[in-house]
């Protein structure tokens, strides 16, 4: 009877540990991204490109690049939760700090080639 109780207790402990590692802890990870900062930095690049362009063709190219950026930016933001396997929120919506927060802003900058 005592062996049965010990074996059952071990299985319960293994089950709780597995649930904690595989289900609970990954759900507690939150990715934060400063989307406005990245968007504004990229916008500054396009403004500089448009103001420094000398021909209409260069200006049209800069405008076309900026329009394509909007869709690529939205796509890059949408891909972040799949890549980190976590909930992603804007950095401005987070008050305080936790060890389970992951800053994904550098990853977003890399995705939009900034």
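Summary table below
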item	result
Pairs where the first residue, in region 59-73, is without any contact (Cβ under 8 Å) to a residue 12 or more places away in the chain and the second is in a helix (DSSP H, G or I), C-beta under 6 Å, 6+ apart	59/50
Residue within region 13-24 that is under 23 Å from residue 78 (Cα atoms) and modelled with pLDDT of 90 or more present	no
Some residue of region 78-85 being touching a helix residue (DSSP H, G or I) at 6+ places or on another chain (Cβ under 6 Å) and under 20 Å from residue 109 (Cβ atoms)	no
Every residue from region 88-106 that is without any contact (Cβ under 8 Å) to a residue 60 or more places away in the chain and under 11 Å from the mean Cα position of the chain (by Cα)	88, 89, 90, 91, 106
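The values are calculated or read from the model by the stated rules, or taken from the named source; none is laboratory data. Every value quoted in this text rests on a predicted model; they were computed, and no experiment measured them. Ideal geometry is used to build each Cβ from the backbone, glycine not excepted, and the neighbour counts take in all protein chains shown.
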